[in-house]
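Peer 1: Below is the structure I would like to discuss, written out as structure tokens.
Quick note: the coordinates plus some simple rules give every number you see, no bench work behind them. Being a predicted model, the structure only gives us computed values, none of them experimental. Neighbour counts run over all protein chains shown; Cβ positions are idealised from the backbone, glycine included.
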Amino acid sequence: MKKFYITTAIDYVNSLPHIGTAYEKIGADVLARFKRMQGFNVHFQMGNDEHSINVEKAARQAGLDPKVYCNQMRKEFEAIWKKLDISYDDFIQTSEPRHIKGVQKLFQKIYDNGDIYKKHFEGWYCESCEAYITEKDLVEGLCPNHKSKPKWLKEENYFFKLSKYQDKLHEHIKKHPEFIVPEMRRNEILRLIEGGLQDVSVSRAGAKWGIPVPFDSTHSVYVWFDALINYITAIGYGTSEAKFKKWWPADLHIIGKDITRFHCVIWPAMLMSAKIKLPKSVFGHGFVYLRGEKMSKTLGNVVTPMDVADVYGADALRYYLLRGSSFGQDGDFTWDDFIRRYNGDLANGLGNLVSRTLGMVEQYQKGEIIPAKGYPYEPAINELPEIIEKELNSEKSKDINFHEALSAIWFAIKEVDQFINERKPWEEYKKTPNQITRILYIIAERIRIISICLKPFLPETAEKIWQQFGFEKLGAFEKQNFKNAAKWGGLNKKCVIKKEAGLFPRIEEKKEEKKMEPKMDQRPGTEDRGPTATEKECIDITDFAKVELRVAEILQAEKVEGADKLLKLQIDLGTEQRQIVAGIAQHYAPEDLVGKKVVVAVNLKPAKIRGVESNGMLLAASDANTISILTPLKDVAIGSKVK
């Protein structure tokens, strides 16, 4: 079995991760899951960077020994990664004995090869970056990343002969364009090298919190030099030669674009000096900004992963971060956009498709999905696995396009919705009941394929779909791969559905929660008739025009649990599907409504009625004895505007 070793950057533990940090881990997790589904033996490595002055300061402020503080922070970090469903195989701390031993071994080896020497140095040093910054990289005298003024430091340190490897690095990058991805990062590094490389400091004098230089206990290994070595110490360098040979070189380092200099210049030069193979590829992903500004604790504009995942679920955050742009480009987080994506793509899209399909299987086939033999059907959905493999493959020296892969999946979701609307199972059931098995089979088989394709991106949701449709009969979810998805007809056994709560309940904005919920019995003809038309104040035509009325078709209908008067309706407006609640249960049976065209007020703000989301209002006439829904006398297209 081919191996695939993937890593993320290790994180400082002086503060908890923000959404930008989560973006990196989620992206790497998708790639790790993707490779496992392709049949690779994957080792997914993460960890914490602990020998930092800022980490030591945070520990002292908390009244803790730095090692105790780091161990506590590991628990908090891992709790977050578990919440986000990050499937890493190992997690390293740079304060672990295995790392310390490996760092000292590599430092000694580079020194013995004549590439480490001692000298005095002075320059601008950013404490937040824990790195020296050249004069030309300052922006108005400030660190470009943290917008803080660096300190001028003067000290005697050990230096690494980075300049010695300038030409060799340049040649390697030119010869292996896949070494730095995407192309814009590669071009940045090539320009940096062509501008000339200077030797870099690799130790700090008198720093007690750090790894001692093996041949000089008065110096500690500089935090960046120390941190980079985790990629080999985590897989046995210095402790297990067999394990190291099994996994190295790394197939893919996933890092933020701000640390490409360390990973694409200093790190490969260190490995060249030690006569160790270079990683195959380094991918520098973009930032996630908050309304156009980089998130950082220093700037005080942090949104944490738990702000989203604790309320809306990990998969909602995973989808949002991956859907907006390619992995190499910058993204932007806003709550308004998150809610729009969540409601539009997850609640109204995937969630609605799953809910309506399960409802039809329950209503027309007593909860059973029956394989329809003799009905070959090869839709374009079979191309999905191939599209995903193309967009997630960075080995051809290109960007990683999570957003394009997800776009293809959501196009397939819309195609299934369109198929349902065109075939109208509710009408087919009345006309030719024997055809319903075939139609529901085609729908369920498409959903089976979609659920497998969702597995790397939304693992929890994909597994829920698998379970709710009873697909366990077809095999365990964890064993599903792209070969299973690429073949039409995999739904070859009778499956029994398990209806559960919806996947993605719609989000109601807080300002709307304060609004009074509409009462279904507040219509003319009920006990409280209200003022007559002549008693009401007349309105202008412009006021009436504010109400948008459209023709819709009822796709599904069911009673609201615990409410005698209420029905929950799934409606089709032509351009979208919605859910509304109507107080007509005592006058209409659910099965009699499916397929009927009705008039709906579509621009009302969403509300909850008995805890059920209602996004619009059905129009009906009523008197003391009955309620009659309004329907067009002639057959007009759904979505038509009522004037």
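Peer 1: Using Cα atoms only, what is the angle between the long axis of helix 352-365 and the major principal axis of the chain, expressed in degrees (0 to 90) to the nearest 10?
Peer 2: Once rounded, one gets 50 degrees.
Peer 1: Another question, if that's okay. Per 10 Å bin, what is the whole-percent P(r) computed from every C-alpha pair distance within segment 415-516?
Peer 2: 13, 37, 30, 14, 6, 0
Peer 1: Suppose R0 equals 22 Å. What FRET efficiency, 1/(1 + (r/R0)^6) with r the Cβ-Cβ distance, do Lys473 and Glu558 give to the nearest 0.05?
Peer 2: 0.30
Peer 1: Grab the beta carbon distance between Phe544 and Val311, set R0 = 51 Å, and tell me the FRET efficiency rounded to 0.05.
Peer 2: 0.85
Peer 1: What percent of all Cα-Cα pairs in segment 334-496 falls in each 10 Å bin, counting up from 0?
Peer 2: Per 10 Å bin, starting at 0, the Cα pair percentages come out as 10, 39, 35, 13, 3, 0.
Peer 1: Sticking with this structure for a sec: Show me the trypsin sites (Lys or Arg not before Pro) within segment 121-217 that DSSP assigns to loop and that have at most 12 other Cβ atoms within 10 Å of their Cβ.
Peer 2: Sparse-neighbourhood loop trypsin sites (Lys or Arg not before Pro): Lys208.
Peer 1: Follow-up question, since we're still on this one. Using only the Cα atoms of segment 73-154, construct the convex hull and provide its projected area averaged over every direction, in square nanometres to one decimal. Show your work: numbers first, answer last.
Peer 2: Values: hull surface 35.1 nm².
With every direction weighted equally, the projected area is 8.8 nm².
Peer 1: Helix 166-175 versus the longest principal axis of the chain: what is the Cα-based angle in degrees, 0 to 90, to the nearest 10?
Peer 2: Roughly 40 degrees, rounded to the nearest 10.
Peer 1: A follow-up question, please. Distance in nm between label sites at Asp65 and Ile53, each 7 Å beyond Cα in the beta-carbon direction?
Peer 2: Once both label points are built, they end up 2.5 nm from each other.
Peer 1: To make sure I understand, if each residue's beta carbon is the centre and we count other beta carbons within 10 Å, what order do Met272, Met360 fall in, fewest to most?
Peer 2: Working: Met272 19, Met360 22.
With the fewest neighbours first, Met272, Met360 line up as Met272, Met360.
Peer 1: Please list, by residue number, everything in segment 165-185 whose backbone N is under 15 Å from a paramagnetic label point 7 Å out along Cα→Cβ of Asp330.
Peer 2: 185
Peer 1: Right, another one. Aspartates and glutamates near Lys161 by alpha-carbon distance under 19 Å, same-chain residues fewer than 8 away left out - which ones?
Peer 2: Qualifying aspartates and glutamates at Cα under 19 Å: Asp112, Asp115, Glu122, Glu171, Glu194, Asp199, Asp216, Asp226.
Peer 1: Mind running the shape call on segment 112-204? Use the C-alpha gyration tensor, a ≥ b ≥ c as the square roots of the eigenvalues: rounded below 1.5 for a/c, prolate if a/b tops b/c, oblate otherwise.
Peer 2: Since a/c reaches 1.5 but b/c is at least a/b, the shape of segment 112-204 is classed as oblate.
Peer 1: Oh, and also: Which aspartates and glutamates have a Cα lying under 14 Å from the Cα of Lys398, excluding residues fewer than 8 positions away in the same chain?
Peer 2: Filter leaves Glu178, Glu183, Glu389.
Peer 1: As an exercise, use a Förster radius of 30 Å and the Cβ-Cβ distance of Asp112 and His172 to find the FRET efficiency, rounded to the nearest 0.05.
Peer 2: 0.85
Peer 1: Given +1 on the Cβ of Lys and Arg, -1 on the Cβ of Asp and Glu, and no further charges, what dipole in debye does segment 334-496 carry about its Cα centre, rounded to the nearest 20?
Peer 2: I would put it at about 720 debye.
Peer 1: Tell me, Kirkwood radius of segment 1-147 from alpha-carbon pair distances, in Å?
Peer 2: After inverting the pairwise mean of 1/r, the radius is 17.9 Å.
Peer 1: Shape call for segment 1-56 from the C-alpha gyration tensor, a ≥ b ≥ c root eigenvalues: rounded (a/c under 1.5), prolate (a/b greater than b/c) or oblate?
Peer 2: Oblate, because a/c is 1.5 or more while a/b does not exceed b/c.
Peer 1: Another question about this same structure. Leaving out same-chain residues fewer than 8 places away, which aspartates and glutamates sit with a Cα under 13 Å from that of Lys565?
Peer 2: By straight Cα distance, Lys565 reaches Asp521.
Peer 1: Based on DSSP H runs of at least 4 residues, each adding -39500 (n - 2.57), what is the mean residue ellipticity at 222 nm of the chain after dividing by all its residues, to the nearest 500 deg cm²/dmol?
Peer 2: Taken over the chain, the calculation gives -10500 deg cm²/dmol.
Peer 1: Relative to the longest principal axis of the C-alpha atoms of the chain, give the angle of the C-alpha long axis of helix 183-194, reported between 0 and 90° and rounded to the nearest 10°.
Peer 2: The two axes meet at around 20 degrees.
Peer 1: Under 18 Å from a label point 7 Å along Cα→Cβ of Glu576: give me every residue in segment 349-369 with its amide N that close.
Peer 2: 349-356
Peer 1: May I pose another question? In Å and from the alpha-carbon atoms only, list the Rg and Dmax of segment 213-321.
Peer 2: 18.2, 52
Peer 1: So I have (1) 47, 33, 30; (2) 58, 28, 20; (3) 42, 30, 26, and one of them is semi-axes √(5λ) of the Cα gyration tensor in Å calculated from this model. Which one is it?
Peer 2: Computed from the coordinates, semi-axes √(5λ) of the Cα gyration tensor in Å corresponds to (2).
Peer 1: If you stretched the chain out fully between Lys483 and Lys164, how much longer would it get, using 0.36 nm times the residue separation minus the C-alpha to C-alpha distance?
Peer 2: Gain on stretching Lys483 to Lys164: 110.0 nm.
Peer 1: Determine the shape class of segment 166-278: with a ≥ b ≥ c the square roots of the Cα gyration tensor eigenvalues, call it rounded for a/c under 1.5, and otherwise prolate if a/b is greater than b/c, oblate otherwise.
Peer 2: Note, shape of segment 166-278 comes out oblate.
Peer 1: Working from the pairwise distances between different alpha carbons, so that the mean of 1/r is found and then inverted, what is segment 565-630's Kirkwood radius in Å? Write out the running numbers ahead of the final one.
Peer 2: On the way: mean 1/r = 0.0808 Å⁻¹.
One decimal place: 12.4 Å for the Kirkwood radius.
Peer 1: Among Arg446, Arg341, Arg356, what is the fewest-to-most ranking by other Cβ atoms within 10 Å?
Peer 2: Exposure proxy ranking, most exposed first: Arg341, Arg356, Arg446.
Peer 1: Determine the gain in length on full extension of the stretch Leu619-Glu156; use 0.36 nm per residue of separation and subtract their C-alpha separation, reporting nm with one decimal.
Peer 2: Additional length available on full extension: 158.6 nm.
Peer 1: I would also like to ask the following. Would you mind calculating the gained length between Lys634 and Glu76 on full extension (0.36 nm times residue separation, minus the Cα-Cα distance), in nm to one decimal?
Peer 2: Full extension of this stretch gives 194.6 nm more.
Peer 1: Could you give the semi-axes, largest first, of the ellipsoid that matches segment 130-175, computed as the square roots of 5 times the alpha carbon gyration tensor eigenvalues and rounded to whole Å?
Peer 2: Value: 27, 17, 8 Å, ordered largest first.
Peer 1: Shifting gears a bit: Please arrange Trp426, Trp81 by counting, for each residue, the other beta carbons lying within 10 Å of its beta carbon, fewest first. Provide the component values of the computation, followed by the final result.
Peer 2: Numbers: Trp426 22, Trp81 19.
Ordered by Cβ neighbours within 10 Å, fewest first: Trp81, Trp426.
Peer 1: Further question: Any chance you could check the Cα centroid distance between segment 437-468 and segment 60-139 for me, in angstrom?
Peer 2: Here the answer is 42 Å between Cα centres.
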